[in-house]
Amino acid sequence: MINKSIHYFFAFFICICILTACSFKERASGEGTAAASTDPLNFLSETDNESTTETEPIIKAEPAEEHLRDNKELYKNQDDYSVITMYLTVSKGNAGDGTDHTWFDVNAYSENDYAKMGIKDRFKAEGLLQIDETGKGITESSFGYGETIPNVSVQMRGQSSTSNRQKNYKVRIKDGRGSFRGQRTLNLTKHMTEAYRFTNKLCYDLGNTIPEIIAGRTQFVHLYVKDETSDEDSFGKIFTDIKDSEIKPENDTVDHDGFKDYGLYTMAEQVNRTYLKNHGFDENGQLYKLSFFEWTIQEDLMLDQDDPSFDQSKFDEFLESKVNDDHDNLQKTLSEVNNYSIPIDRILEEHFDIDNMMYFLAFNILNGNDDVGPRNLFLYSPLNSEKFYFICWDMDGSMQANYRETINFSEGKSWSRGMTKYLILVLVNRMMKEQKYRDMLSNAVDDIYQNYFSPQIVEARAKKYAEVVKPFLFSSPDFYYSPIKDQALYDELVSKLGDEVEQNYKDYQESLKWPWPFYVDLPTVDYQKNTTTFSWGASYNYGRNVTYDYMLATDYLFENILYEGHDLVVPSTTIKSLSPGTYYLKVTATSDSGYTIDCFDYYPMEDGGKYFGCFCFTVNNNGTVVYS
């Protein structure tokens, strides 16, 4: 009897241990067995079939040890609407560190100018930086207090923006001279071509409220500069058009103590090794800034660093490596993304955090950012991990649709809205052919739209940012370079930013029904048969039938049409040989449900806009055909 009781006791004890261990494992992972069984990556594929029934809400499930979350504690004490004042005294340094340049030289040359001159490193100067964070002047707690010798270097930053009249600056705090809010690289951006001068900051600040989004800290900055590099008036040389302007602002800011007022800037946190450390990430991982990267295999990306053929400048044309030069993970991921024999499910599960990716795409869909995808973001992979994560960066292409309508500027139209703007990326193109991933993206869009980036939230935020910005925007020097000189028009456009979010949401819903855009091939000429053949990629449309229309003209407005064809069932056509000259080919695809989309190709207009769906080429005298 005793032996039997002991036997039952030990059996009961063992069961308790097993149940306790299972419960502990579930609590440690943060997910129960129910979550594991509904992992979205384990759903059956529904490729080529559009869902006709309502889908169940998708439960997010991911390996806890590899799901990164931004350190949201960084933003808790951030005042999104405050303005700090920076005083920068610029002086010439020495040739050893490349700072022996005048302030005028720092501002004088664009990226194209440097390329023509064959100069890789942009001109820099030294500077003494002092920062007033409270509006009470430079006090003992201020950065730069009591400093008398240069503590920073300063140079122009940006790419296309280097051609703008007002420049963006990168200020680097020198070794051993401290940091500002844990940062040693301070990016000051003017957003000169952005009508409101706050939408980039608005997107950062609201993005930081979304758990799945990784972004960064921002701060409005009022910049004053004192130039000690020249006896001449560098401010007058840089901004020669201010004194000649026929339009003057109602209010003017006042320079003081030898400092010239450079107006309002936005400081956005530099994504680098320090950023990774501050945000709680592995600072030794791989970090890439996208220059122009469509997830296609490029020979310059697949070479090892020690390969004699490796060219860093060519690598940087696609991706700029910021921390770790071991590209094995990138190369493996890129190879698999372009290997169509490997299921996209497996690639996403092994190499990406599906929540991070979907929310990144959804957020930039809702904010209307049409300058993201192949560029203007960072890719990050922790050391010894195969996963990549998307980090938001440079969102000043957001929230511009209404303003562009007022000036009849053609940008952010056609396929560059909604989901289709991402289809130029091989990764997204493969992924969005699966119904379950379209459902995941829709769930992320709905979540953000309802809880973080609704029209009401954006409208309320926008009005508060506008009140901060307007005193600067309608004063010197920013007034002279603002595209909006009328405060009433500015206020009207700001009041419509909430409506713009709503339209972006509707555009997304519609884009899920469109046939997919495609690229046009370079035409081929057969002089023996006296023919020219046009061909283009097939448009994908979830299993539906698609037909094509084309027009060939001698002008991009298609006023002089030479040939046209309609309701083609194959993506090609043949006409008679063309004589030498430049031609414009417009190709569209139409689904059997009546939706039409342009080809990916576009003609860049003189004002910087795009004529969508237009492929331009030239037939040379020798019969060869080239892109125009």
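How much of the accessible area of segment 502-597, in percent, comes from carbon and sulfur atoms when a 1.4 Å probe is used?
Answer for segment 502-597: carbon and sulfur cover 49 percent of the accessible area.
Taking 25 Å as R0, compute the FRET efficiency from the Cβ-Cβ separation of T274 and R177 and round it to 0.05.
Rounded to the nearest 0.05, the efficiency is 0.95.
What's the FRET efficiency of T148 with K76 using the Cβ-Cβ distance as r and R₀ = 41 Å, to the nearest 0.05?
Efficiency at R0 = 41 Å is approximately 0.70.
Can you work out the FRET efficiency for the pair Y340 and E510, with r the C-beta to C-beta distance and R0 = 30 Å, to the nearest 0.05? Present the calculation step by step, with values, prior to reporting the outcome.
On the way: r = 28 Å, r/R0 = 0.95.
That pair, Y340 with E510, gives E of 0.60.
What whole-number distance in Å separates the alpha-carbon centres of segment 545-601 and segment 181-242?
Taking the Cα centre of segment 181-242 as reference, the centre of segment 545-601 is 44 Å away.
Calculated from DSSP H runs of 4 or more alone, at -39500 (n - 2.57) each and per residue, what is the 222 nm mean residue ellipticity of the chain, nearest 500? Could you put the intermediate results ahead of the total?
On the way: 19 runs with 183 residues, N = 628.
Helix-only estimate at 222 nm: -8500 deg cm²/dmol.
If I stretch the segment between R69 and A115 completely, what's the gain in nm (0.36 nm per residue apart, minus their alpha carbon distance), one decimal? Don't skip to the end; give the middle numbers.
Working: separation 46, 0.36 × 46 = 16.56 nm, distance 3.91 nm.
Gain in length upon complete extension: 12.6 nm.
State, as an integer percentage, the relative contact order of segment 434-527 based on alpha-carbon contacts under 8 Å between residues 6 or more apart. Before the final figure, lay out each step's value.
Working: 39 pairs, mean separation 32.1, N = 94.
Answer for segment 434-527 is 34 percent.
Hey, what does the equivalent ellipsoid look like for the chain, semi-axes from the Cα gyration tensor as sqrt of 5 times each eigenvalue, largest first, whole Å? Please list the in-between numbers first.
On the way: eigenvalues 352, 306, 123 Å².
Taking √(5λ) for each Cα gyration eigenvalue gives 42, 39, 25 Å.
I'd like the carbon and sulfur percentage of the solvent accessible area for segment 112-253, probe radius 1.4 Å, heavy atoms only, ligands and nucleic acids excluded.
On the way: 2800 of 6360 Å².
C and S atoms contribute 44 percent here.
Suppose the chain between M605 and T624 were pulled fully straight at 0.36 nm per residue; how much longer would it get relative to their current alpha carbon spacing?
The M605-T624 span can extend by a further 4.3 nm.
List, in order, the whole-Hz ³J(HN,Hα) value for each residue of segment 324-332 obtained from phi through the Karplus relation with A = 6.51, B = -1.76, C = 1.60 and θ = phi - 60°; use x for Gly and Pro.
These are the phi-based 3J(HN,Hα) values: 10, 8, 8, 9, 4, 5, 4, 5, 5 Hz.
In Å², what does the accessible area per residue of the chain work out to with a 1.4 Å probe?
On a per-residue basis, 46 Å².
Using θ = phi - 60° and the Karplus form 6.51 cos²θ - 1.76 cosθ + 1.60, what ³J(HN,Hα) does each residue of segment 97-105 get, whole Hz, x for Gly and Pro?
10, x, 9, 8, 10, 7, 5, 5, 5
Against the globular-protein guess of 2.2 N^0.38 Å, express the Cα radius of gyration of segment 521-593 as a ratio, rounded to two decimals.
Numbers: Rg = 13.2 Å, N = 73, 2.2 N^0.38 = 11.2 Å.
For segment 521-593, the normalised Cα radius of gyration is 1.18.
Full-extension gain between L568 and Q503, please, as 0.36 nm times their residue separation minus the C-alpha to C-alpha distance.
Full-extension gain reported as 20.2 nm.
Between exposed GluC sites (Glu not before Pro) in the chain, where DSSP calls loop and at most 12 other Cβ atoms lie within 10 Å, what's the longest gap? The partial results should precede the final answer.
Details: sites that count: E54, E140, E232, E246, E250, E559, E606.
Of all site-free stretches, the longest is 251-558.
The values are calculated or read from the model by the stated rules, or taken from the named source; none is laboratory data. A quick note: this is a predicted structure, and the numbers were derived from the prediction, not measured. Backbone-built Cβ (ideal geometry, glycine too); neighbour counts: all protein chains shown. Heavy atoms of the whole protein, side chains included, go into the accessibility calculation; ligands, DNA and RNA do not. Shrake-Rupley method; radii C 1.70, N 1.55, O 1.52, S 1.80 Å.
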